[in-house]
Amino acid sequence: MGEGSSSMNRRSRLSFTDVNPLHFKAEMWAWLFQRISGVVLVVYVFSHIGAISQATFGIIGPSAQPFDPLRNPFWTADTFGLGLDFVVLILLAFHGINGLRVVIFDLGWGVRMHRGLLFLAVAGSVVLTALVILYALPLLGGP
Amino acid sequence: MRVRTDSQAAWLWLLQRATAVLLVGVLALHLWLSNFALAIDGGIRSLVGLILLAAVLLHALNGLRAIALDYATTDYARRFAYAVVLVLGVLGIIFGFYGIAPLFYGG
């Protein structure tokens with residue numbers, strides 16, 4: 001037992017996470033981007049809730065006036081605001097599709113295809129965002 | 001070897017999965033309602049808004065909590081993370097309810 005536990009100790013000391021990004025495999029990148037996109041989306045959601053309640057304040061608050069979406073910092077129709085919207089969109093698409101991928105792994109499905117499903121998730125989120133941009137830009141008066 | 005179980009963490013894990021799947025559908029509905037279905041009445045909008053607000057806050061703050069617990073090694077840090085998440089949740093509920101309030105009376 002003593003010998004076993006010492007070899008266990010040595011093995012666990014050697015199996016610490018390798019934090020060099022050059023050594024990351026696909027699943028590590030998936031985990032990292034899921035986490036980063038999650039944090040960015042939490043920031044977005046709270047600013048979105050703030051913007052919506054600010055809009056309500058303009059409608060029913062003491063300084064009620066017609067709400068002008070273009071005056072709201074989170075709905076600006078300029079290139080920068082639109083760019084931010086599309087960044088949020090692609091992060092949301094990736095977080096959602098990759099999240100579903102993880103959920104089906106938890107159910108025991110598709111674990112053997114995890115790499116292919118990851119590329120499918122990335123491709124799916126890029127295609128979905130591209131379709132929305134192609135559809136939305138003409139409506140917003142863009143190119 | 002004894003297997004430690006933590007029923008609270010297990011329920012929160014399940015909550016994260018359940019809200020994740022729910023959010024995929026409700027967010028699609030939310031984007032459709034706010035961009036393409038402007039004629040749909042306020043009852044459905046407020047219902048979707050309430051479900052979305054609850055699901056988003058649970059998922060977002062449970063996710064923040066999980067991330068914080070990856071780095072919080074002391075009891076004090078863990079309690080601090082829980083407190084921050086709780087305050088954010090209360091703020092989210094107050095501002096979120098205020099934001100969707102006009103839907104309830106067709107404003």
By residue number, the members of the stretch B:80-107 that are more than 10 Å from chain A (Cβ to nearest Cβ) and at pLDDT 90 or above are B:80, B:81, B:82, B:83, B:84, B:85, B:86, B:87, B:89, B:90
Taking the criterion of being farther than 24 Å from residue A:96 by Cα and without any contact (Cβ under 8 Å) to a residue 60 or more places away in the chain, would at least one residue in the stretch B:50-71 satisfy it? yes
In the stretch B:65-105, residue nearest to residue B:52 (Cα to Cα) [restricted to those that are open to solvent by less than 70 Å² (accessible area, probe 1.4 Å) and under 13 Å from the mean Cα position of the chain (by Cα)]: B:96
Could you list all residues from the stretch A:98-121 that are open to solvent by 60 Å² or more (accessible area, probe 1.4 Å) and closer than 22 Å to residue A:45 by Cα? A:100
Determine which single condition residue B:31 fails, assuming it passes every other condition in (1) without any contact (Cβ under 8 Å) to a residue 24 or more places away in the chain; (2) more than 13 Å from chain A (Cβ to nearest Cβ). (2)
Are any residues in the stretch B:18-56 open to solvent by 60 Å² or more (accessible area, probe 1.4 Å) and in contact with a helix residue (DSSP H, G or I) (Cβ under 7 Å, 6 or more places away or on another chain), and if so, which ones? B:21, B:22, B:24, B:29, B:51
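To keep it simple, each residue is scored yes or no on (1) away from chain B (no Cβ under 14 Å); (2) at pLDDT 75 or above.
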| site | (1), (2) |
| --- | --- |
| A:40 | no, yes |
| A:51 | no, yes |
| A:55 | no, no |
| A:60 | no, no |
| A:67 | no, no |
| A:78 | yes, no |
| A:92 | no, yes |
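The values are calculated or read from the model by the stated rules, or taken from the named source; none is laboratory data. Quantities reported herein were computed from a predicted structural model and do not represent experimental measurements. Using ideal geometry, Cβ is built from the backbone for each residue, glycine included, and neighbour counts are taken over all protein chains shown. Just so you know, the surface numbers come from the protein's heavy atoms only, side chains and all, with ligands and any DNA or RNA stripped out. Shrake-Rupley method; radii C 1.70, N 1.55, O 1.52, S 1.80 Å.
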